[in-house]
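Below you'll find the structure, written out as structure tokens, and then a few comments.
The values are calculated or read from the model by the stated rules, or taken from the named source; none is laboratory data. From a predicted model like this one, the values you see are computed outputs, not experimental measurements. Here the Cβ positions follow ideal geometry from the backbone for every residue, glycine too, while neighbour counts run over all protein chains shown. Note: accessible area is taken over every heavy atom of the protein model, side chains too, but ligands, DNA and RNA are not part of it. Shrake-Rupley method; radii C 1.70, N 1.55, O 1.52, S 1.80 Å.
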Amino acid sequence: MEPYTALAMTTLAFLACATTVPSSGERRGDAFEHDLMIAALEPAFQARGLELKVIDWEAPIEAFRGVDAALLGTAWNYQDKAEAFLKKLETLQSRGVAVLNPPGLVRWNITKTYLRALEDAGVRAIPTLWREKVTAKGVREAFDVFECDRVVVKRQVGAGAEGQELFRKSSLPSPNWVFGAPAMLQPYLPAIATEGELSFIFIDGSFSHALVKRAADGDYRIQSLYGGTEEVYEPNTDDLAAAQDVLDAVPFDTPLYARIDMLRMQDNGLALMEAELIEPYLYPVQGPHLGKRLAEAIARRFS
């Protein structure tokens with residue numbers, strides 16, 4: 001556990017990356033989500049007497065002088081520099097900057113094998129094969145294990161569907177194909193194309209809002225970078241309880257923010273896709289009170 005230190009906080013760094021900050025020459029295709037987050041948070045934070053300062057997480061440590069806390073905002077390149085990212089968070093913490101969410105939780109969440117720990121705690125998750133190295137033979141094995149016609153191969157340390165591959169039983173990879181990182185293999189689930197992926201957002205342990213994310217025609221990835229769209233979702237009691245059970249199973253103090261991504265299974269129950277605790281986009285358009293709730297939660301923690 002990493003307790004927060006009481007302080008009279010006035011300045012918060014919103015950690016971004018080189019391709020999400022507005023000053024970047026070449027911004028990501030989904031950098032507009034960064035802008036939406038800042039637009040939602042800035043006025044709410046100002047109302048609480050808090051200054052929000054956007055900083056590239058890779059900036060020299062001197063750039064954080066005068067910063068009291070750091071929010072892991074749109075640091076959307078961390079997966080390719082995981083150890084450097086973790087080291088920067090730990091350095092900030094060692095210098096008295098409160099990191100939100102804290103480095104210990106981030107280190108646990110950064111490799112998707114955390115899903116196995118949640119399963120051990122009773123959480124229902126998407127069936128997964130874990131492999132340090134995946135070849136064409138491994139993909140064929142996954143088809144046999146899952147008894148499905150499509151398999152998705154994902155990085156164990158990854159974000160935003162980057163590097164993912166989808167294979168059909170009728171179009172297997174070439175015999176010499178090798179996935180370039182430790183991987184997780186999962187069956188493609190029909191709910192992606194029918195209902196869509198459900199996201200439940202919690203602030204300081206309390207439910208804030210939910211949404212359904214759908215892929216563009218001809219794709220299976222639900223991120224806006226690939227043409228995905230989203231809309232407000234009003235969860236029923238069972239769905240909300242399933243998401244809350246995931247959050248309750250996280251073996252750390254209550255995260256400041258969490259996004260629980262789930263898919264509906266054939267029995268109508270929800271299964272966990274991911275518990276996003278590092279730098280998830282929190283969809284302020286679908287949750288117009290997000291900024292106020294986050295500012296109030298921070299004020300409670302540090303007042």
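Summary of packing: across the peptides 288-298, 111-121, 85-95, the per-residue average of other C-beta atoms within 10 Å ranks them, highest first, as 288-298, 85-95, 111-121.
Using unit Cβ charges (K, R positive; D, E negative) and no other charged atoms, how large, in debye to the nearest 20, is the dipole of the chain about its Cα centre?
Dipole size: approximately 600 debye.
Distances between placed amide hydrogens fall under 5 Å for Asp253 paired with Glu2, all partners being 5 or more residues away or on another chain. Ligands, DNA and RNA aside, Arg150 has an accessible area near 60 Å² when probed at 1.4 Å. Rounded to the nearest 10 square angstrom, Val246 shows an accessible area of 0 square angstrom against a 1.4 Å probe.
Residues in the stretch 169-176 carry Karplus couplings, in order, of 4, 8, 9, 6, x, 4, x, 9 Hz; the curve used is 6.51 cos²θ - 1.76 cosθ + 1.60 with θ = phi - 60°, and Gly or Pro positions show x.
Loop-located GluC sites (Glu not before Pro) in the stretch 145-236 (DSSP state other than H, G, I, E, B) with a sparse environment of at most 10 neighbouring Cβ atoms within 10 Å: Glu147. Applying 0.36 nm per residue to the separation of Ala121 and Val178 and subtracting their alpha-carbon distance, the gain on full extension is 17.3 nm. Spin-label model, Ala216/Thr229: points 7 Å from Cα along the beta carbon direction are separated by 1.2 nm. Taking every C-alpha pair closer than 8 Å and separated by at least 6 residues, the mean separation divided by the residue count of the chain gives a relative contact order of 21 percent. Rounded if a/c is under 1.5, else prolate if a/b is larger than b/c, else oblate: which is the stretch 221-272, with a ≥ b ≥ c the root eigenvalues of its Cα gyration tensor? Oblate, since a/c reaches 1.5 and b/c is not below a/b.
Solvent-accessible surface (1.4 Å probe) assigned to Arg107 amounts to roughly 100 Å². Which entries in Lys87/Lys112; Lys88/Lys133; Lys133/Lys169 show an alpha-carbon gap greater than 23 Å? Pairs exceeding the cut-off: Lys88/Lys133. With protein chains left intact and a 1.4 Å probe, residues in the chain average 44 Å² of accessible area per residue. Across the stretch 36-50, coupling constants 3J(HN,Hα) worked out from phi with the 6.51/-1.76/1.60 Karplus curve, θ = phi - 60°, read 5, 5, 4, 4, 7, 7, 4, x, 5, 5, 4, 5, 9, x, 10 Hz, and Gly and Pro carry x.
Run lengths n ≥ 4 of DSSP H only: what is the helix-derived mean residue ellipticity at 222 nm for the chain, with -39500 (n - 2.57) per run over all residues, to the nearest 500? Calculated from helices alone, the mean residue ellipticity at 222 nm is -8000 deg cm²/dmol.
At 1.4 Å probe size, with the rest of the protein present, what percent of the exposed accessible area of the chain is carbon and sulfur atoms?
C and S atoms contribute 49 percent here.
Can you give me the C-alpha center-to-center distance between the stretch 180-201 and the stretch 41-114, rounded to a whole angstrom? The stretch 180-201 and the stretch 41-114 have Cα centres spaced 27 Å from each other. Under 26 Å of direct C-alpha separation, and excluding same-chain neighbours fewer than eight residues apart, Lys292 reaches these lysines: Lys53, Lys213. Taking a ≥ b ≥ c as the square roots of the Cα gyration tensor eigenvalues, with a/c under 1.5 meaning rounded and otherwise prolate when a/b beats b/c, else oblate, which class fits the stretch 149-211? Judged from the Cα gyration tensor, the stretch 149-211 comes out oblate (a/c at least 1.5, b/c at or above a/b).
Computed from the Cβ-Cβ distance with R0 of 25 Å, the FRET efficiency linking Gln266 to Lys137 stands at 0.30.
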